[in-house]
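J.: Quick one: the structure is below, and I'll ask about it shortly.
The values are calculated or read from the model by the stated rules, or taken from the named source; none is laboratory data. Everything numeric here is computed off the predicted structure, so don't read it as measured data. Ideal geometry is used to build each Cβ from the backbone, glycine not excepted, and the neighbour counts take in all protein chains shown. Ligands, DNA and RNA are stripped out before the accessible areas are found, and what is left, the full protein with its side chains, is counted by its heavy atoms. Shrake-Rupley method; radii C 1.70, N 1.55, O 1.52, S 1.80 Å.
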Amino acid sequence: MQNDDRQEELERKIAEAVALAQSVVEDNERESHAENGNTDSPEIEAVMTEPGGERKKLLWKVVLGVSSVVLLVCICLIVRYAFAHNRSNRANRALREYVDYGTDGATESDFDELQKKNQDICAWIYIPGTDVDYAVLQGSDNSYYLSHDAYGEYSPDGAIFIDSANSRGFSDFDTVMYGHNMSSGTMFKTLHNYEDEEFLRNNRNVYVYTPNSTLCYTVFAAYRTNDR
């Protein structure tokens, strides 16, 4: 029943839109007749030349053309976004095949395979209780991997990456790691789970696998902040 009601509501709105459009066109025609003192029928008007009417018709054509172009561009952007997002998800799943989640960390051969895909891959991050399970990269700046995935392809998801000024071996006192807060739930979106105190108490471990070691970090605080 809900689908039938929605269909009827959609058809009603379409009919109203068509009626409104027809009303606007008829009003414009009447105004054009009044301005030119023309009370003849539409058939006679079609034969006559009315500069004002022609300008309005041209304006409608321009508006229609621009609207069509905008709609086409929007559709292309949406398709591009969806395609890139799905491709990145597939790429991330493929990369997980090279990761050993054992207590000894990822083996050297795992990283040989990962770095064959992209030399910028320097680690892997895995956080139990969340969906964070990704390659970690480091670029020459902090902007490239905002819009490129772990394969270096365009992606609205971007990639997880450490600050370009940090050591690739995670030997600095602080290592800053970036990731998008995607509405689809990918990348660092599920870090918001830590806003729940019970979740924080039960999910304190963060694992970072590097070519030479396994690093286990303990979450001691989680809070919202900004890039300042």
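J.: Can you say whether ALA221 is modelled with pLDDT under 95, among the small types (Gly, Ala, Ser), out of contact with any Lys or Arg (no Cβ under 8 Å at 6 or more places or on another chain) and more than 19 Å from ARG93 (Cα to Cα), as far as the supplied structure shows?
T.: Yes; evaluated as a whole, the condition is true for this residue.
J.: Looking only at strands (runs of 3 or more DSSP E) that lie completely in region 123-216, which have at least 1 residues being among the small types (Gly, Ala, Ser)?
T.: Fully inside region 123-216 and qualifying: 133-137.
J.: Taking the condition of being open to solvent by 10 Å² or more (accessible area, probe 1.4 Å) and closer than 15 Å to ASN86 by Cβ, how many residues in region 145-164 meet it? Spell out how you get there, then give the answer.
T.: Residues of region 145-164 that are open to solvent by 10 Å² or more (accessible area, probe 1.4 Å), as a first pass: 146-148, 151-154, 156, 163-164.
If we keep only those that are closer than 15 Å to ASN86 by Cβ too, we end up with 151, 153-154, 156.
Number satisfying all stated conditions: 4.
J.: Which condition from (1) open to solvent by 40 Å² or more (accessible area, probe 1.4 Å); (2) within 29 Å of the chain's Cα centre (by Cα); (3) not acidic (Asp, Glu) is the one that PRO211 breaks?
T.: (2)
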